[in-house]
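First comes the structure, then the notes that go with it.
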Amino acid sequence: MRAPSPVGIADNDLMALPFPSPTTPASGRAEVFVRYLDYFREILLAKVSALSDDEVRRSRLPSGWTPLELLKHLRYVELRWIEWGFEGCDVDDPWGDRRGDRWYVAPDETRDSLAASLRAQGAHTASVVASSDLAAVGAPGPRWDGAAPATLERVLFHLVQEYARHLGHLDVVAELAGGSVGE
């Protein structure tokens, strides 16, 4: 059984969500970063939503990760870079997407709860971007592992590449599962 797409996209028509084209006017670089992150986040959620309940907890690759683990991982990537890193917040378990050296999703964690957590994290990221200058330097703290904190712009660039790279991985998994591929 396939869950309905969280963004109203048909399983075979992920292209319905508009790509944040470089020719679309924007008020500045911050808006461009948020558009790309929102786009990649929603495409990820649509692809995971289009997979069957069995497929979201199944690994099809030698590395062993599952689509739900990827979804949770990207939520924690945003948490680590924005809250724990840039904002310097005290985060109880910044590596809560892991158990040992692997990504982990508990049996009681659901697709819906993980999707809601990712969307909430994305809303927080957008709020931080809206209230900060891209040249602002992150707060000192353990996220930086002794290095100088990065600017918000560098953090956002890193997040965009994380999403883009992992969406490519998810394309392979979706194709092997018989689901939608591509943007």
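The values are calculated or read from the model by the stated rules, or taken from the named source; none is laboratory data. No experiment lies behind these values; they were computed from the predicted model shown. Note: ideal-geometry Cβ built from the backbone for every residue, glycine included; neighbour counts use all protein chains shown. Calculation scope for accessible area: heavy atoms of the full protein, side chains included, ligands and nucleic acids excluded. Shrake-Rupley method; radii C 1.70, N 1.55, O 1.52, S 1.80 Å.
The HN-Hα couplings worked out from phi for segment 47-57 by the Karplus form 6.51 cos²θ - 1.76 cosθ + 1.60 (θ = phi - 60°) are 5, 5, 5, 6, 7, 5, 4, 5, 5, 5, 10 Hz, whole numbers, x standing for Gly and Pro.
Helix 152-176 and the longest principal axis of the C-alpha atoms of the chain enclose an angle of approximately 10°.
Near F33: Cβ cut-off under 14 Å, other residues only, Lys/Arg at +1 and Asp/Glu at -1. The net charge is -2.
Structural size metrics of segment 65-164, computed from C-alpha coordinates, are Rg and Dmax of 13.6, 41 Å.
Could you give the length gained on full extension between E31 and A116, defined as 0.36 nm per residue of separation minus the Cα-Cα distance, in nm?
Values: separation 85, 0.36 × 85 = 30.60 nm, distance 2.23 nm.
Between E31 and A116, full extension yields an extra 28.4 nm.
One chain, two ends: F157 and E109. Fully extended at 0.36 nm per residue, the span grows by 14.4 nm beyond their Cα-Cα distance.
Around V129, what is the net charge, scoring Lys/Arg as +1 and Asp/Glu as -1 over all other residues with Cβ under 15 Å from its Cβ? For residues surrounding V129, the net value is -3. Distance between the modelled labels on S127 and S63, one decimal in nanometres: 3.1 nm (7 Å Cα→Cβ projection). Protection proxy ranking for 28-38, 78-88, using the average of other Cβ atoms within 10 Å per residue and placing the highest first: 78-88, 28-38. 3J(HN,Hα) along segment 114-125: 5, 5, 4, 5, 5, 5, 5, 5, x, 5, 5, 4 Hz, from the Karplus curve 6.51 cos²θ - 1.76 cosθ + 1.60 with θ = phi - 60°, whole Hz, x for Gly and Pro.
How do the peptides 66-72, 20-26 rank, highest first, by the average count of neighbouring beta carbon atoms within 10 Å per residue? Write out the running numbers ahead of the final one.
On the way: 66-72: 23.9, 20-26: 9.1.
Packing order, densest peptide first, comes out as 66-72, 20-26.
Given the -39500 (n - 2.57) contribution per DSSP H run of 4+ residues, what per-residue ellipticity at 222 nm results for the chain, rounded to the nearest 500 deg cm²/dmol? Before the final figure, lay out each step's value.
Values: 5 runs with 83 residues, N = 183.
Computed mean residue ellipticity for the chain: -15000 deg cm²/dmol.
A simple spin-label model places the labels of A135 and H169 3.5 nm from each other, with each point 7 Å out along Cα-to-Cβ. Can you list the residues, at least 5 places off or on another chain, whose amide H is less than 5 Å from the amide H of T151, using H built in the peptide plane? Amide H to amide H, under 5 Å and 5 or more residues apart or across chains, T151 pairs with G138.
Once the piece of chain linking S21 and A147 is laid out straight, how much longer is it, given 0.36 nm per residue of separation minus the C-alpha distance between them? Spell out each step's value before the answer.
Details: separation 126, 0.36 × 126 = 45.36 nm, distance 3.41 nm.
Full extension of this stretch gives 42.0 nm more.
The alpha carbon gyration tensor of the chain gives principal lengths a ≥ b ≥ c with a/c of 1.5 or higher and a/b no greater than b/c, which makes the shape oblate. Here each label is just a point 7 Å from Cα along the line to Cβ, and for R99 and D53 those points are 2.0 nm apart. Between the Cα long axis of helix 67-78 and the first principal axis of the chain there is an angle of about 10°, rounded to the nearest 10. Just the protein heavy atoms count here, and of the accessible area of the chain at 1.4 Å, carbon and sulfur take up 55 percent.
Could you provide, to the nearest whole Å², the per residue accessible area of the chain with probe 1.4 Å?
Details: 9160 Å² over 183 residues.
I get 50 Å² per residue for this part.
For segment 37-76, what does the equivalent ellipsoid look like in terms of its semi-axes, each the square root of 5 times an eigenvalue of the Cα gyration tensor, given largest first in whole Å? Before the final figure, lay out each step's value.
Working: eigenvalues 63, 30, 11 Å².
Whole-Å semi-axes of the equivalent ellipsoid: 18, 12, 8.
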